[in-house]
Amino acid sequence: MNTLQNIYHLFKKDVTIEWRQKSTIASMFVYVISTVFVIYLSFKGELDATVWMAIYWIILLFVVVNLTISAFTEEAGRQFYYIRSIASAVELIGAKMLYNAIYFVVLSGLTLSILALFFGFPVENGNRFLLVAGLGSIGLANMFTLL
């Protein structure tokens, strides 16, 4: 089979497993919501734009660490050896990078939405910020996947 087809099938496997075990998805959502709520209580609902952006990226750093840890701990033991025997390391890492990037962009959007709900959206140029947030999320997810 072609390398891209193998990456697609491994990506599809990861999505299927994640969809069956909704606990990981739910725990990430609860983590983001509870973190933003604690920050809301700590700052009494008022943040200036600089602090808002700093908190956004700090939350994302913690989320990406939790995401990559959970992505690799699920495949352990016999299943890992079986998958490793039918796919190359490049295909495995490529599929994980694609999966983590898409998953993290979704979590980044959720974090952005929750922060905007609690504190408003103080960013002046929203389109540029969304572009940077999306590209930064993909970069962080891929970097932590490779660590």
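If you go through the range 8-54 and keep only what is in contact with a Leu (Cβ under 7 Å, 6 or more places away or on another chain) and closer than 17 Å to residue 97 by Cα, you end up with 10, 11.
Output yes when any residue across the range 130-144 is of a type in the set (S, T, N, Q) and closer than 15 Å to residue 63 by Cα, and no when none is.
Within the range 130-144, one or more residues are of a type in the set (S, T, N, Q) and closer than 15 Å to residue 63 by Cα.
Considering each residue of the range 29-74, count those that are closer than 17 Å to residue 109 by Cα and either more than 14 Å from the chain's Cα centre (by Cα) or hydroxyl-bearing (Ser, Thr, Tyr) (or both), and give that number. Residues meeting the conditions: 11. Does at least one position in the range 29-40 carry a residue that is among the small types (Gly, Ala, Ser) and over 20 Å from residue 134 (Cα atoms)? Checking the range 29-40: at least one residue is among the small types (Gly, Ala, Ser) and over 20 Å from residue 134 (Cα atoms).
Count of the range 118-147 residues, restricted to those that are in contact (Cβ under 8 Å) with a residue 60 or more places away in the chain and either among the acidic types (Asp, Glu) or surrounded by fewer than 13 Cβ atoms within 10 Å (Cβ to Cβ) (or both), is 2.
Residues are listed down the side, and each one gets a yes or a no for (1) surrounded by fewer than 17 Cβ atoms within 10 Å (Cβ to Cβ); (2) modelled with pLDDT of 80 or more:
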{"residue": "5", "(1), (2)": "yes, yes"}
{"residue": "9", "(1), (2)": "yes, yes"}
{"residue": "25", "(1), (2)": "yes, no"}
{"residue": "36", "(1), (2)": "no, yes"}
{"residue": "41", "(1), (2)": "yes, yes"}
{"residue": "51", "(1), (2)": "yes, yes"}
{"residue": "94", "(1), (2)": "no, yes"}
{"residue": "97", "(1), (2)": "no, yes"}
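Taken together, 130, 135 contain a single residue that is in contact with a helix residue (DSSP H, G or I) (Cβ under 9 Å, 6 or more places away or on another chain) and either modelled with pLDDT of 85 or more or in a helix (DSSP H, G or I) (or both), which is 130.
The values are calculated or read from the model by the stated rules, or taken from the named source; none is laboratory data. Remember, predicted model here, so these are calculated numbers, not experimental data. Cβ coordinates were reconstructed from backbone atoms using ideal geometry, including for glycine residues, and neighbour counts include every protein chain displayed.
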